[in-house]
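Notes to accompany the following structure.
The values are calculated or read from the model by the stated rules, or taken from the named source; none is laboratory data. Please read these numbers as outputs of a predicted model, since none were measured by experiment. Cβ: placed from backbone, ideal geometry, glycine included. Neighbour counts: every protein chain shown.
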């Protein structure tokens, strides 16, 4: 396998090749009907939740701000539908616990046009203005991590950014929303890249696309040509080898530039800022119109879905509505929010689509049972996990330490902190040891210990 | 209808422990078949009895809850087959059964079953047999005897707790030299007779007490390595290190030491390197550690063979390296991403096609010339050097 990788010129070491299963790669983005009720959780991103600025019973129009950010690491929310605020309080959340949410009942007769927002000219805007506009749009990373975009685009004082890396890898199996965005919204994406370049002061932008999406690369190149001369610098669309987890920013930078981001460092230490294509396409569309983020593209797919596709879903749409539209199996199934490698299983169908959900994957239980070999063995030290860990850790050792609850040793001697939970080790483990789950527990315990020590 | 909740990743690769073990058994089958073809009925009986003993022992310990795992994971079959292959074909069957029992009981169940064992169970069994039955384990019979498919070597059917009859008379009755039954290694060690290369590699020439054919083992091992059921680094390191050590000694005094080729292909080195040292549970998981482990085995094998009273050293070399495995792993932990030399220096890896800093040219841009890979990446080209010299002048 290594030899094959060498011939293909794969740039980051290790990693895995799960079956791609991109069932919806050729399906154009379609709009999902508006649900009768949307649930907008206040905390849809990393950082502090914003404060609601509407009251129960208030009429809102689509696009109107309904929650205001009060902290730098926080973003405002906008009403996804025109309707009446029905309830503000606890509702089932994506991660399990109930979270503070705003429920809006949609007006059945409303046209659901975007009625809020003033078109504006950003041709002369300064970097600061653009950052403010991004913040006002409520943008977070649409790739899954949901980190506030304005925080990501603002460069620390002592650093200088020369390159904007745009992440179009979409290395997770099944997911195709970024792919479709690149193909269908290439012009928005180019516009977004140019705003982001101005905001960060980057002189070039490189879109990294996995080589199973050549049409996306071609669409982007065509859009670059259409955009004519690009005054700020250069925008390139590049293919990188298809391999999981290519979409991790460290791996993508490794593939493009052959540099390792030092452990504990951010890409900005090398003068780079990484953003997802979906985020930048939304940015390019929303900024000139002065609007907020009210919908996103979600790939609804999996062996259990009758009508898979890439849907433009209003934020806050309950999963049940999405799945009723796409068609769910009759028997038991699992709903994964995100991709199959890193996504979380939903505990309830009342959970709403939030800004960070890129896919809804339905896996019937029968299918899951058929796929797994079932039995769990002790670690036979085959070394498959060591050969697949993109971060160069020793998951076999970490797993044995986790079983013995030696969490401190894992953190201090075996670099547990470097693990970003890509799931490659669990994916390959022939003994069916839930390695990455053990690491999540270990990291959580170490975090709690660190908190307690403070 | 209800929702199922699992932790990520929600998909799994198809490989399981059972698959790995099953494929190792598959790859051992041709070797066993050839072994039976060489030695006939006794070999077949030995394979069957030893494997059955291993399986029965495994069954017992799994049932009594002493050991983890399952009889259906095929690992006991591997132990049994390997143990039988490493014993002389005419080894008394009752002794084989005892060795099989010792292999699983002392080598595996004692430590907690599959994955927990410190030493390769097959070699533990063989070491036990070597200590308990030194006479029987040194008694080899020649291969390709006429009538091997109709009669057994008389030692095979020795009654339990009895010493086997001598095979010398039996061989004499067949008009064969008693010494034909010695292994090539023993012949060299005690008589100074070197076997030819061709005989060693194929094991096809008759009347020589050689084990399973090295060529066949390498072929089956290559299949496993290609399917990634064993790590190619370990056999490569063992053979490389053994070959290198033997070659160095041979270069020092050719009259005292045999040529490295003989060293590599005689005795159980190939079987040990491909099948026994690569036992996953007892070898290091770290890639660097595999090289160290293999090198250690190769070195120890040659040293034991040359400087000890034993003709064969593979078994003890592997057992010693097994014992050293946790230590080797400790000093050869992989370097995490972002902590390597390149990351600390902030330098791009050699061969990366894109410069870190702007001035970037797209790989497929028109007229773009792909930079040729050069042997010394940091040495400036002649013209560039000339140009910079001119500039300086």
Self-check item: In segment B:1-29, the residues that are out of contact with any helix residue (DSSP H, G or I) (no Cβ under 6 Å at 6 or more places or on another chain) and more than 9 Å from every other protein chain (Cβ to nearest Cβ)
Solution: B:22, B:23, B:26, B:29
Quiz prompt | Filter pass, residue A:102 being free of Cβ contacts under 8 Å to residues at least 40 places away in the same chain, closer than 29 Å to residue A:335 by Cβ, over 20 Å from the mean Cα position of the chain (by Cα) and buried (at least 17 other Cβ atoms within 10 Å of the Cβ) | solution = no
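Residues being farther than 25 Å from residue A:360 by Cα and outside any helix (DSSP H, G or I): count how many of those fall in segment A:115-162. Write out each step before concluding.
Just the residues of segment A:115-162 that are farther than 25 Å from residue A:360 by Cα, to begin with: A:115-136, A:150-162.
With outside any helix (DSSP H, G or I) added as a condition, the list becomes A:115-126, A:154-162.
Residues that pass the stated criteria total 21.
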Quiz prompt | Checking residue A:299 against (1) buried (at least 22 other Cβ atoms within 10 Å of the Cβ); (2) within 30 Å of residue A:121 (Cα to Cα); (3) more than 14 Å from chain B (Cβ to nearest Cβ); (4) in contact with a strand residue (DSSP E or B) (Cβ under 7 Å, 6 or more places away or on another chain), the condition it does not meet | solution = (2)
Quiz item: Inside segment A:415-454, can you point out the residues that are farther than 17 Å from residue A:344 by Cα, surrounded by fewer than 20 Cβ atoms within 10 Å (Cβ to Cβ) and within 8 Å of chain B (Cβ to nearest Cβ)?
Solution: A:418, A:432
Exercise. May I ask you to verify whether residue A:280 is buried (at least 23 other Cβ atoms within 10 Å of the Cβ), modelled with pLDDT under 90 and away from chain B (no Cβ under 14 Å)?
Key: no
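Taking residue B:236 as the residue in question, decide whether it is over 19 Å from residue B:320 (Cβ atoms), surrounded by fewer than 21 Cβ atoms within 10 Å (Cβ to Cβ), within 14 Å of chain A (Cβ to nearest Cβ) and touching a residue at least 24 places away in the same chain (Cβ under 8 Å). Steps first, please.
Details: over 19 Å from residue B:320 (Cβ atoms): yes; surrounded by fewer than 21 Cβ atoms within 10 Å (Cβ to Cβ): yes; within 14 Å of chain A (Cβ to nearest Cβ): yes; touching a residue at least 24 places away in the same chain (Cβ under 8 Å): yes.
Against the criterion (over 19 Å from residue B:320 (Cβ atoms), surrounded by fewer than 21 Cβ atoms within 10 Å (Cβ to Cβ), within 14 Å of chain A (Cβ to nearest Cβ) and touching a residue at least 24 places away in the same chain (Cβ under 8 Å)), residue B:236 qualifies.
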Quiz item: Which residues, taken from segment B:32-48, are in a helix (DSSP H, G or I) and out of contact with any helix residue (DSSP H, G or I) (no Cβ under 9 Å at 6 or more places or on another chain)?
Solution: B:33, B:38
Quiz item: Got a sec? Which of B:112, B:147 is over 20 Å from residue B:305 (Cα atoms) and at pLDDT 80 or above?
Solution: B:112
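Could we say that residue B:22 is part of a helix (DSSP H, G or I) and within 18 Å of the chain's Cα centre (by Cα) here? Give the steps one after another, and end with the answer.
Numbers: part of a helix (DSSP H, G or I): yes; within 18 Å of the chain's Cα centre (by Cα): yes.
Spelling it out, residue B:22 is indeed part of a helix (DSSP H, G or I) and within 18 Å of the chain's Cα centre (by Cα).
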Quiz prompt | From A:91, A:26, residue being part of a strand (DSSP E or B), surrounded by fewer than 22 Cβ atoms within 10 Å (Cβ to Cβ), on the phi < 0 side of the Ramachandran plot and modelled with pLDDT under 90 | solution = A:91
Quiz prompt | Lone unmet requirement of (1) touching a strand residue (DSSP E or B) at 6+ places or on another chain (Cβ under 8 Å); (2) assigned to a loop (DSSP other than H, G, I, E, B); (3) over 30 Å from residue B:330 (Cβ atoms); (4) within 9 Å of chain B (Cβ to nearest Cβ) for residue A:355 | solution = (4)
Quiz prompt | Index of the failed condition, residue A:170 passing every other in (1) closer than 15 Å to residue A:283 by Cα; (2) more than 14 Å from chain B (Cβ to nearest Cβ); (3) in contact with a helix residue (DSSP H, G or I) (Cβ under 7 Å, 6 or more places away or on another chain) | solution = (1)
Quiz item: Out of A:265, A:258, which single residue is at pLDDT below 85, surrounded by fewer than 22 Cβ atoms within 10 Å (Cβ to Cβ) and under 26 Å from residue A:211 (Cβ atoms)?
Solution: A:258
Practice problem: Being within 25 Å of the chain's Cα centre (by Cα) and under 18 Å from residue B:12 (Cα atoms) narrows it down to one of A:399, A:423, A:417, so name that one. | Solution: A:423
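How many residues are more than 9 Å from chain B (Cβ to nearest Cβ) and either surrounded by fewer than 21 Cβ atoms within 10 Å (Cβ to Cβ) or under 22 Å from residue A:260 (Cβ atoms) (or both) when one looks only at segment A:396-406? Steps first, answer last, please.
Going through segment A:396-406, the residues more than 9 Å from chain B (Cβ to nearest Cβ) turn out to be A:398-406.
With either surrounded by fewer than 21 Cβ atoms within 10 Å (Cβ to Cβ) or under 22 Å from residue A:260 (Cβ atoms) (or both) added as a condition, the list becomes A:398, A:400, A:403-406.
Matching residues across segment A:396-406 total 6.
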Quiz item: For segment A:212-251, how many residues meet the condition of being surrounded by 15 or more Cβ atoms within 10 Å (Cβ to Cβ) and either modelled with pLDDT under 85 or touching a strand residue (DSSP E or B) at 6+ places or on another chain (Cβ under 8 Å) (or both)?
Solution: 24
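Could you check segment A:126-146 and list, in sequence order, the residues that are surrounded by fewer than 19 Cβ atoms within 10 Å (Cβ to Cβ) and either within 20 Å of residue A:249 (Cβ to Cβ) or out of contact with any helix residue (DSSP H, G or I) (no Cβ under 7 Å at 6 or more places or on another chain) (or both)?
A:126, A:128, A:129, A:132, A:145
Have a look at A:76, A:36, A:19, A:49 and point out the one that is at pLDDT below 90 and away from every other protein chain (no Cβ under 14 Å).
Working: A:76 fails: at pLDDT below 90; A:36 fails: at pLDDT below 90; A:19 fails: away from every other protein chain (no Cβ under 14 Å).
The match here is A:49.
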Quiz item: What number of residues within segment A:339-352 are crowded, with 23+ Cβ neighbours inside 10 Å and either free of Cβ contacts under 8 Å to residues at least 12 places away in the same chain or more than 8 Å from chain B (Cβ to nearest Cβ) (or both)?
Solution: 3
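May I ask you to say which residue of B:128, B:119 is free of Cβ contacts under 8 Å to residues at least 60 places away in the same chain and either over 27 Å from residue B:143 (Cβ atoms) or under 22 Å from the mean Cα position of the chain (by Cα) (or both)? Working first, answer last.
Numbers: B:119 fails: free of Cβ contacts under 8 Å to residues at least 60 places away in the same chain.
Being free of Cβ contacts under 8 Å to residues at least 60 places away in the same chain and either over 27 Å from residue B:143 (Cβ atoms) or under 22 Å from the mean Cα position of the chain (by Cα) (or both) holds for just one of B:128, B:119, which is B:128.
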Quiz item: In segment A:358-388, what residues are facing chain B (nearest Cβ under 8 Å) and part of a loop (DSSP other than H, G, I, E, B)?
Solution: A:372, A:373, A:375, A:377, A:378, A:379, A:380, A:381, A:382, A:383
Self-check item: Members of segment A:310-336 that are under 21 Å from residue A:366 (Cα atoms), more than 10 Å from every other protein chain (Cβ to nearest Cβ) and not in a helix (DSSP H, G or I)
Solution: A:327
